Amino acid sequence: MKQVRIDVENLSFGYEKGQDILSQISFHAEKPESIGLVGANGVGKSTFLKLLVGLFLSFRGSIRINDIPVEKSTLPQIRAAVGYVFQDSDSQLFMNTVYDDIAFAPRNYGLPEKEVQERTKEAMSLTGTGSLEKRQIYKLSGGEKKLVSIATVLSMMPEIILMDEPSIALDPRNRRNLIGLLNSFGQLKIIASHDLDFILDTCGRTVLMAEGKIICDGPTKDILTDRGLLEKNGLELPLSLQKREL
Amino acid sequence: MSKIEHAVRDIHFITASASRDQWVNLIHPLVKFALTAGYILAVVSFPKYDLAGLAGMAVYPAAVFILADLSFLDAVRRIYPIFLFPCLLGICNPFFDKNTILIFGMTVSAGILSMMTLIIKGVFTVLASYLLIATTPIDKLCYALRMLHIPKEMVTQIMLTYRYLTVLLEEGNSMIQAYALRAPKQKGIHVKAWGSLAGQLLLRSVDRAEAVYESMLLRGYNGAYLYLKEKIAFRRWDVVYGLFWAGVILLFRKYPVVLIAGNLAGGMLG
């Protein structure tokens, strides 16, 4: 059986020469892990995710997705295996209708129209967006846009899903729906978020980043309950745990 | 409500109109596109003093407004700023064209006649374009353009510009609102802030464009035009509709139908 995994060795990267945002990162993950990527603003969480899908290739070290190295020649394979949900849904959704946006990836991968339809319907069914099929993207609420964004990635049937701040701008109900949805997925997931309660609810493993490095990598329950560790790295205990302390 | 908010609402209204299941909306996009292009060519080809002949061309927009169940007044309210352009062009004619023409026994200034012809040509062409976009969703319009072998890069540009026009307008609007909230005593935006606001908007647009492009790449985009892969078949009605209006437009272009009808009516009454 094909192994679904991510292997990162000694990864360093900077947008400007000599100014590394990420430094000497090594990281391994495999299906069906669900991993929370946490850290204060600007520690390089989003950059790390973008490197995994090859949006920047001028990194040092190595990144392998399912044993395929991330480099220019392998990008089509990498991107077919990895789905990326953007922080801002308006950047993710660029077609006019919900259906066309969800069908965009399968069509681009040259699938027959019948399979495109099947995949699109299935992604809509999984995310509960079937009733939005013909809606114009601009008419969707923030929560609906987020669900559609996830559906656009699910229609690719990726083995790995990367999500950048998925709970941002969601109301409590939509947030709860999203948690349920993510917990139902069997793919390897990496979720970058400031919302530590969200990570607590969706991820079994957490990676804490600070100043471009991985500070700590372990079970979510251990890391997110360690007040000293979190505060030292610019974070706070999840709100649900703070309430319990009160 | 600010002007930008009005503009965004207008774009949303037109998009919603185009997405309805009205009979005219379901006509093949290529038929509507070709009719609109043919209509515009026919309108602009009228001689500059042929106001009576041109008046007959009102039949096409008038009929489409009725068939598509669109409000004429709404349309005028939304697009009247464009009408100012032919008006500004035409207003010079009475000064340069001092000739006179005899119509129905009355002497009329040729300059005024040509000015009116120019304005009406402008109004008709703008209305025809409005009717096309208010009855045809942008993806179908792009499909028609591809059928005409317009380069896919250009069609993709049109599609994405349309999709992101509102996002950028909203971005601009929120910047202006943020400015106004911190400069409550100022009316409008101070000239000193224009540069930085425009620069910020440009940078945000570039950021947005980059993010969208990344999102497309991550979903397998390789530059090929792939929207509306399902072929839109021509139905019998599309052909009948296209031929009927092509005939009407040609008829009204070749013969002054309004004048003939007027003479006939006058003769019968007389």
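Residues checked against (1) out of contact with any His (no Cβ under 7 Å at 6 or more places or on another chain); (2) at pLDDT 90 or above; (3) of a type in the set (A, V, I, L, M):
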position: A:Ala81; (1), (2), (3): yes, yes, yes
position: A:Phe94; (1), (2), (3): yes, no, no
position: A:Thr97; (1), (2), (3): yes, no, no
position: A:Arg107; (1), (2), (3): yes, no, no
position: A:Glu133; (1), (2), (3): yes, yes, no
position: A:Gln136; (1), (2), (3): yes, no, no
position: A:Lys139; (1), (2), (3): yes, no, no
position: A:Lys145; (1), (2), (3): yes, yes, no
Subset of segment A:100-120 [more than 10 Å from chain B (Cβ to nearest Cβ), surrounded by fewer than 24 Cβ atoms within 10 Å (Cβ to Cβ) and under 22 Å from the mean Cα position of the chain (by Cα)]
A:Arg119
Hey, does segment B:214-232 have a residue that's more than 28 Å from B:Phe13 (Cα to Cα), more than 14 Å from chain A (Cβ to nearest Cβ) and either in contact with a Phe, Trp or Tyr (Cβ under 7 Å, 6 or more places away or on another chain) or not aliphatic (A, V, I, L, M) (or both)?
no
Could you list all residues from segment B:68-86 that are loosely packed, with under 14 Cβ neighbours inside 10 Å, over 30 Å from B:Gln22 (Cα atoms) and touching a helix residue (DSSP H, G or I) at 6+ places or on another chain (Cβ under 9 Å)?
B:Phe85
Within the bounds of segment A:86-94, is there any residue that is open to solvent by less than 50 Å² (accessible area, probe 1.4 Å) and over 23 Å from A:Leu178 (Cα atoms)?
no
Which one of B:Gly111, B:Gly105 is of a type outside the set (Lys, Arg) and at positive phi?
B:Gly105
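From the list B:Ala233, B:Ala180, B:Ala211, B:Ala246, pick out the single residue that is in a helix (DSSP H, G or I) and closer than 30 Å to A:Pro106 by Cα.
Residue meeting the stated conditions: B:Ala211.
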For segment B:137-155, indicate whether the set of residues that are part of a helix (DSSP H, G or I), without any contact (Cβ under 8 Å) to a residue 24 or more places away in the chain, within 13 Å of chain A (Cβ to nearest Cβ) and surrounded by fewer than 16 Cβ atoms within 10 Å (Cβ to Cβ) is non-empty.
no
Per the filter on segment A:59-81, residues among the small types (Gly, Ala, Ser) and within 18 Å of the chain's Cα centre (by Cα) are A:Ala80, A:Ala81
Is it the case that A:Gln19 is of a type outside the set (Asp, Glu) and either under 18 Å from the mean Cα position of the chain (by Cα) or open to solvent by less than 20 Å² (accessible area, probe 1.4 Å) (or both)?
no
Tell me, yes or no, whether segment A:42-60 has at least one residue that is open to solvent by less than 10 Å² (accessible area, probe 1.4 Å) and assigned to a strand (DSSP E or B).
no
Residue among B:Leu251, B:Leu259, B:Leu197 that alone is away from chain A (no Cβ under 14 Å), part of a helix (DSSP H, G or I), open to solvent by less than 40 Å² (accessible area, probe 1.4 Å) and hydrophobic (A, V, I, L, M, F, W, C):
B:Leu197
So which residues in segment A:129-152 are among the β-branched types (Val, Ile, Thr), assigned to a helix (DSSP H, G or I) and away from chain B (no Cβ under 12 Å), if there are any at all?
A:Val148, A:Ile150
Report, ordered by the first and then the second residue, all pairs with beta carbons closer than 9 Å, sequence separation of six or more or different chains, a first member in segment A:218-235 that is farther than 18 Å from A:Ile190 by Cβ, and a second member that is of a type in the set (S, T, N, Q) and surrounded by fewer than 15 Cβ atoms within 10 Å (Cβ to Cβ).
A:Gly234/A:Asn41
Of the numbered conditions (1) within 28 Å of the chain's Cα centre (by Cα); (2) surrounded by 14 or more Cβ atoms within 10 Å (Cβ to Cβ); (3) within 14 Å of chain A (Cβ to nearest Cβ), B:Ala211 fails exactly one; give the number of that condition.
(1)
Which pairs turn up if I take residues in segment A:19-39 that are at pLDDT 95 or above and look for partners that are among the acidic types (Asp, Glu) with beta carbon separation below 7 Å, at least 6 apart in sequence or on another chain?
A:Ser26/A:Glu9; A:His28/A:Asp7
If we ask which residues in segment B:24-58 are farther than 29 Å from B:Arg146 by Cα and of a type in the set (A, V, I, L, M, F, W, C), their number turns out to be 6
Taking segment B:96-116 only, how many residues are in a helix (DSSP H, G or I) and open to solvent by less than 100 Å² (accessible area, probe 1.4 Å)?
7
Residue count for segment B:156-167, restricted to those that are surrounded by fewer than 16 Cβ atoms within 10 Å (Cβ to Cβ), farther than 22 Å from B:Asn25 by Cα and among the aliphatic types (A, V, I, L, M)
1
Are any of the residues in segment A:81-98 in contact with a Gly (Cβ under 6 Å, 6 or more places away or on another chain) and either within 11 Å of chain B (Cβ to nearest Cβ) or in a helix (DSSP H, G or I) (or both)?
no
Between a first residue in segment B:159-182 that is within 18 Å of B:Val212 (Cα to Cα) and touching a residue at least 60 places away in the same chain (Cβ under 8 Å) and a second residue that is of a type in the set (Gly, Ala, Ser) and surrounded by 14 or more Cβ atoms within 10 Å (Cβ to Cβ), which pairs have beta carbons less than 9 Å apart while being 6 or more apart in sequence or on different chains?
B:Leu165/B:Ala7; B:Thr166/B:Ala7; B:Leu169/B:Ala7
Looking only at helices (runs of 4 or more DSSP H) that lie completely in segment B:1-67, which have at least 2 residues being open to solvent by 40 Å² or more (accessible area, probe 1.4 Å) and charged (D, E, K, R)?
B:3-18
Any idea which residue in segment A:33-58 is farthest from the chain's Cα centre (by Cα), counting only those that are within 13 Å of chain B (Cβ to nearest Cβ) and hydrophobic (A, V, I, L, M, F, W, C)?
A:Leu57
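The values are calculated or read from the model by the stated rules, or taken from the named source; none is laboratory data. Nothing here was measured: the structure is a model prediction, and the numbers come from that model. Heads up, the Cβs are rebuilt from the backbone with ideal geometry, glycines too, and the neighbour counts pull from every protein chain shown. Side chains are part of the model used for accessible areas, which takes the heavy atoms of the whole protein and leaves out ligands, DNA and RNA. Shrake-Rupley method; radii C 1.70, N 1.55, O 1.52, S 1.80 Å.
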